[in-house]
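Peer 1: Have a look at this one.
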Amino acid sequence: MVSIPSQRPSAAFVVASWGALCAGFAAYLAGLWNAGMQLNEKGYYFTVLVFGLFAAISLQKTVRDRVEGIPVTKLYFGLSWIALVLAIGLLAAGLFNATLALSEKGFYAMSFGLALFGAIAVQKNTRDIQAAPRASVESETV
């Protein structure tokens, strides 16, 4: 196992990460709520958002696990990448074919991107916070 120095993220970064996740998720959902789409279209875009968030968190976790020497199968690592690329591709295909104004398409793309960034940052912070006490306890025992 590789020993990686871990430092607790600052409170400001933790708040900013949660803020990005909540702002992106809430903006995307508010856009869907107010959109003049059919329910099946709204369901498609909602599913793409949830799928994308799960894929981004899963990929971040597998990358971090590999860096820390925690075994991750190549299959799961590859599937995590495929899932994230598919989520982004599905959003892009849906927006490309949608009869929305360009500003609406941009809004959905940007709020999706912000939510993905926030999810990755929150996952990283969660992992760093959990690892920081262990790192300080291990260094004290050496």
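The values are calculated or read from the model by the stated rules, or taken from the named source; none is laboratory data. Being a predicted model, the structure only gives us computed values, none of them experimental. We place every Cβ from the backbone using ideal geometry, glycine too, and count neighbours over all the protein chains shown.
Peer 1: Can you pull out every residue in segment 38-88 that is of a type in the set (Val, Ile, Thr), within 15 Å of residue 114 (Cα to Cα) and surrounded by 16 or more Cβ atoms within 10 Å (Cβ to Cβ)?
Peer 2: Within segment 38-88, 48, 57, 88 meet the criteria.
Peer 1: Turning to a different aspect of this structure: Mind counting the residues in segment 24-40 that are of a type outside the set (Gly, Ala, Ser), assigned to a helix (DSSP H, G or I) and free of Cβ contacts under 8 Å to residues at least 40 places away in the same chain?
Peer 2: 6
Peer 1: Can you find a residue that is of a type outside the set (Val, Ile, Thr), buried (at least 16 other Cβ atoms within 10 Å of the Cβ), modelled with pLDDT under 95 and part of a helix (DSSP H, G or I) anywhere in segment 4-12?
Peer 2: Within segment 4-12 (the criterion being of a type outside the set (Val, Ile, Thr), buried (at least 16 other Cβ atoms within 10 Å of the Cβ), modelled with pLDDT under 95 and part of a helix (DSSP H, G or I)), the answer is no, since none of the residues qualifies.
Peer 1: Only one of these conditions is not met by residue 38: (1) in contact with a Gly (Cβ under 9 Å, 6 or more places away or on another chain); (2) farther than 25 Å from residue 124 by Cα; (3) not aromatic (Phe, Trp, Tyr). Which number is it?
Peer 2: Exception for residue 38: condition (1).
Peer 1: OK, next. Hey, among 83, 115, 121, which residue is of a type in the set (A, V, I, L, M, F, W, C) and modelled with pLDDT under 95?
Peer 2: Step by step, each of 83, 115, 121 is checked, and only 121 is of a type in the set (A, V, I, L, M, F, W, C) and modelled with pLDDT under 95.
Peer 1: Shifting gears a bit: Can you pull out every residue in segment 37-89 that is among the small types (Gly, Ala, Ser) and in contact with a helix residue (DSSP H, G or I) (Cβ under 8 Å, 6 or more places away or on another chain)?
Peer 2: 52, 55, 56, 58, 80, 83, 87
Peer 1: What is the number of the single condition among (1) farther than 17 Å from residue 41 by Cβ; (2) hydrophobic (A, V, I, L, M, F, W, C); (3) free of Cβ contacts under 8 Å to residues at least 12 places away in the same chain that residue 93 does not meet?
Peer 2: Residue 93 satisfies every listed condition except (1).
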